[in-house]
Amino acid sequence: MGHTCAEDLASAFRQAVEEIKGSKILQVSMDGPNVNFKFLRSLMEELGESDESHILDIGSCGLHAINGAYKAGHVASGWDLVSFLRSAYNLFKCIPASRADVVSLTGCSKFPMKFCAVRWLENSTVICRALEILPHLIVFVQQCKEKSTQEANMLKLQSG
């Protein structure tokens, strides 16, 4: 739409959502400028008059508000997902032998994906993959611990 005014934006919006009931509109995202604020006020008034909907106003940039909510939820959970997801990714990123060991042990050829802590909303595939392969990661880590214990015992026997 290029450079436009609030009325043009409202007209294009109405045309785009004419098939949708006003009561089904929860939130309208925008990218900040005053034109968008005027459009949102106008839309809220229009829907308020028809008593169709109550728009959720989460600020000028819904993406930042929702991203912040995900981040706050992560911190509140105390789960330290950032550390886990990054560690899982880095464990296999540059170590082909570890990748081969996982495939050999579990038959799983899927690996952790790269996680970006400042883009929580784009990490759903990363988190789903981590959940999908978690049982295989557990088997791999347990095997590494057992191997490490066996090697330590062998060293004790050799030195004693």
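Values quoted throughout were computed directly from the atomic coordinates according to the rules given, and no laboratory measurement underlies them. Note that this is a predicted model, so its numbers are computed, not measured. Please note: Cβ atoms are built from the backbone with ideal geometry, for glycine as well, and neighbour counts cover all protein chains shown.
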| message | Test of understanding: ordering F84, F140 by Cβ neighbours within 10 Å, fewest first, what list do you get? | response | F84, F140
| Listed peptides 18-26, 129-137 by packing density, highest first (mean Cβ within 10 Å) | 129-137, 18-26
| remark: Label model pair S109, E45: point-to-point distance (7 angstrom along the Cα→beta-carbon line) in nm is 6.2 nm
| note | Binned at 10 Å starting from 0, the alpha-carbon pair-distance distribution of the stretch 78-159 in whole percents comes out as 17, 42, 26, 11, 4, 0
